[in-house]
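Presented below is the structure to which this report refers.
Read-outs throughout are calculated quantities, based only on the coordinates presented, and are distinct from any laboratory measurement. Computed from a predicted structure; not experimentally measured. We place every Cβ from the backbone using ideal geometry, glycine too, and count neighbours over all the protein chains shown.
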Amino acid sequence: MTTDDLDARAAALDAQHAATDLRDRFLLPDGVVYLDGNSLGALPVGVPEAVESAVREQWGRDLIGSWNTHGWWDAPERVGDAVGRLVGAAPGQIVVGDSTSVRLHQSLHAAAALRPDRSVVLTEPGSFPTDQYVIAGVATQVGWRVEHATPAEIGARLGSEVAAVVLSHVDYRTGELLDLPGITAAAHDAGAVVVWDLCHSAGALPVGLDEHDVDLAVGCGYKYLNGGPGAPAYGYVAARHHAAFVNVVPGWNGHAEPFAMAGVYRGAPGIARARIGTPPMLSLLALEAALRAFDGLTIDDVRVRSLSLTRFLRDAVAAVVPEAALVSPEVDRLRGSQVAFRHPDAYGIVQALAARGVVGDFRTPDIVRLGVAAPYLTHADLVTAARTLRDVLDRGEHLNPAWSRRNVVT
Ligand SMILES: Cc1ncc(COP(=O)(O)O)c(C=O)c1O
């Protein structure tokens, strides 16, 4: 495929997918191709006004009464229901607040309490560091042994000792999408519960939490949900586990009668039992406004667009930069919403691309990660990205000593 072919194909695909082009629902700088929505989603239209109103009118004018008059108190569950529409959870099973790390810690303790007679947590070795650290930490606290298996090996490693299987739905480096229905069913057959990290799938593809009988799940609000930097995370607890859900952080917000100021904790009924402390209201309201960017669209619509974009980007990178070693699966069923490739100069490539307005990111040791947030990207954007990539390499811009790893934060 030549770059001229790419232009023609992009134009045809953009025409075909015009109904799901939601670019005008986002505020992105002109001239930027933003391929980092799997790290920090773009700013949706309406969020600045929502935050301004939350600060000036709600906090500034209506003060503490806003907990009732502006629905602050119910926001963790209300926004949880809005997230639920994107991950296939019926209302009343998701609570929003705190970080993914905290939600994961809470969910793993709850999983241990659901399977008190079992002693193994099964996970994969390459998951995002916070998952590895939290799993190891909770294992020490509850007396679990951590066992590692690749996703393909999980089925064979399930046994009567396994209390919980903890996995990321989409691999943060390669973008590989795991078989959530199959792994969940196999874990259940072996008597284990599953805890899924949805950071790289929520808002990008269908998850089907209820449909596939998932037990517990967590995820962040700042990637494909576009809730903004440090947006609150969410935790899903299937309704059938509410009564037995043990909250390891029994803060006063999850009490059955929080304003009774009782001296002894008694968990609230329903998902409110998973609440912890006072919710981060400004970020929560920003996330709520951000989720409106999905109005009128189903997650299946998003997935159809995303698959077309990632398929196209994969082909474009392969055509234009044949030396790049693609690591994101070719098969649609196995690919999340990103295209990643390995290159010895990956860090310099990401920096040089960003200097030209094509923003992706680098993951150690050698991965260029191009996130595809379908609502605000077009196939034409991806041609620009692929062409710029070729140009950067041809001109050696990625070898610029200014891209010294010494100055790197991420
Ligand atoms: C798979 C996964 N889990 C968890 C996190 C982050 O957790 P937290 O929201 O606590 O920073 C990330 C962040 O990129 C992630 O990719």
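Observations on the structure shown:
- Loop-located GluC sites (Glu not before Pro) in region 320-410 (DSSP state not H, G, I, E or B) with no more than 13 neighbouring Cβ atoms inside 10 Å: E323, E330.
- Take the Cβ atoms of D117 and Q16, set R0 to 60 Å, and the FRET efficiency comes out at 0.65.
- Region 42-82 and region 131-202: distance between their alpha carbon centers, rounded to Å: 35 Å
- Computed 3J(HN,Hα) for region 251-256, one whole-Hz value per residue from the Karplus formula 6.51 cos²θ - 1.76 cosθ + 1.60 where θ = phi - 60°, is x, 5, 5, x, 6, 4, glycine and proline marked x.
- Applying a DSSP loop filter and a limit of 13 other Cβ atoms within 10 Å to the trypsin sites (Lys or Arg not before Pro) in region 264-302 leaves R266.
- Interchain or long-range residues, amide H under 5 Å from F26's placed H: V45
- Against the chain, whose longest principal axis comes from its Cα atoms, helix 75-87 is set at around 50 degrees.
- Degrees separating the helix 281-291 axis from the principal Cα axis of the chain, which is the longest one: 50 degrees
- Translational diffusion of the chain, estimated by Stokes-Einstein from the Kirkwood radius over alpha carbon pairs at 25 °C in a medium of 0.890 mPa s, is 111 µm² per second.
- Tensor-based shape of region 125-166 (alpha-carbon gyration tensor, a/c under 1.5 rounded, otherwise prolate or oblate): oblate
- Calculated FRET efficiency for the pair T69/D332, C-beta based, R₀ 51 Å, to 0.05: 0.60
- Rg to Rh quotient for region 95-243, alpha carbon positions, Kirkwood Rh: 0.93
- The Cα trace of region 232-306 gives Rg and Dmax of 16.3, 52 Å, the first to one decimal, the second as a whole number.
- Per-residue ³J(HN,Hα) for region 259-264, Karplus 6.51 cos²θ - 1.76 cosθ + 1.60, θ = phi - 60°, Hz, x for Gly and Pro: 8, 6, 6, 5, x, 10
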